[in-house]
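Readers should treat all values here as calculations from the given coordinates under stated rules, not as data from a laboratory. What you see is a predicted model; the values in this text were computed from it and never measured. Neighbour counts are summed over all protein chains in view; Cβ atoms, including those assigned to glycine, are modelled from backbone coordinates with ideal geometry.
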Ligand code: ADP
Ligand code: MG
């Protein structure tokens, strides 16, 4: 059946991200409940048609770990994508509701994501490109499914020009501008799994090196930034992919801006991949412009206040501290976070609390060199995944514990 805008009755909003708004709708002629995603597209009609054509590939993506696709149409200035509705929402919503997720459930999530990624790549040569908790959906039938994968190159390009979104689930090689491969998705999975197991984004305030700077500011208005970073940065922090940041050795010098400014019109998902070379200890501010254009999210919108003159001045005075991360007053600009991902050891599942299998698996996902990192298919043979498969888990019962 052909989907039309007038046949869809909106029930409620499910959430907002960098790419658009998602609503729960009923397709009146069939009575089918769906999730409708509106993506604002800055593209000519010919390009929109091309996007629609490319999206049709999703009709062929059939797997128990991939959200089904019902159809897409142009709803100027948006493209409207209708997909299977997931009644328990996304994993970020779930852990924010119930707290840290039991490691045995996390194992089942890892297994489902790897199976979904392997299916997409083996059957369709599709790389997901945006693995993060909000793109992993869960339903009361106990199913774990991926959504928002990069099927349409044209869509990726058009969103990149319209919206700004970067996210710090990005792998070191991607930050450095290397080719995107399935292994970049594996890195993002590693970050995601730690986040779910800890109930918070892993690049956070237990990082002693970054914590050193915490005394510098208490009154920074940029609250809730870890969340903001974790869920994709908006215009305030996206990185101009065309510039590379010159190596600077200026940890102790005052800010010098202008070089390597951040552009609000480039997203790192753009193809070809970004080329940013980042040195340790470069001092770059996050731009104070555009921070109010951050799209709100249902998961707690980042509350970036419009920077007033004095806070902007203060930012320019202090050293390389752009935004503050949630909790503990630790501060880190997006560039520092990207540098951190590139230069520092990868995060780990804290020892003691988690089994060696889980820790070992996550460590493999977070191998910093893509050559050392296994592919999704290889990871399906990991001991932690094998026991997850053998032991199973009653995810239907678990779903009942989620309000
Ligand atoms: P993001 O993934 O960056 O959060 P999106 O615009 O892709 O932004 O989605 C916004 C929110 O809508 C997601 O965080 C998720 O909670 C919710 N959502 C997306 N797709 C579905 C779906 N098919 N079923 C239920 N909820 C969904
Ligand atoms: Mg999404």
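Listed values, structure above:
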quantity	calculated
Residue order, fewest to most surrounding Cβ atoms within 10 angstrom, among 128, 340	340, 128
Semi-axis lengths, Å, region 27-145, gyration tensor of Cα atoms, sqrt of 5 times eigenvalues	27, 17, 14
Binned Cα-Cα distance frequencies in region 18-62 - 10 Å width, integer %	22, 38, 37, 2
Sorted by Cβ neighbour density within 10 Å, fewest at the top, the residues 169, 393, 85	393, 85, 169
Anisotropy class of region 353-403 from Cα gyration tensor, a/c 1.5 cut	prolate
Between region 65-106 and region 45-63, the Cα center-to-center distance that results, in Å	19 Å
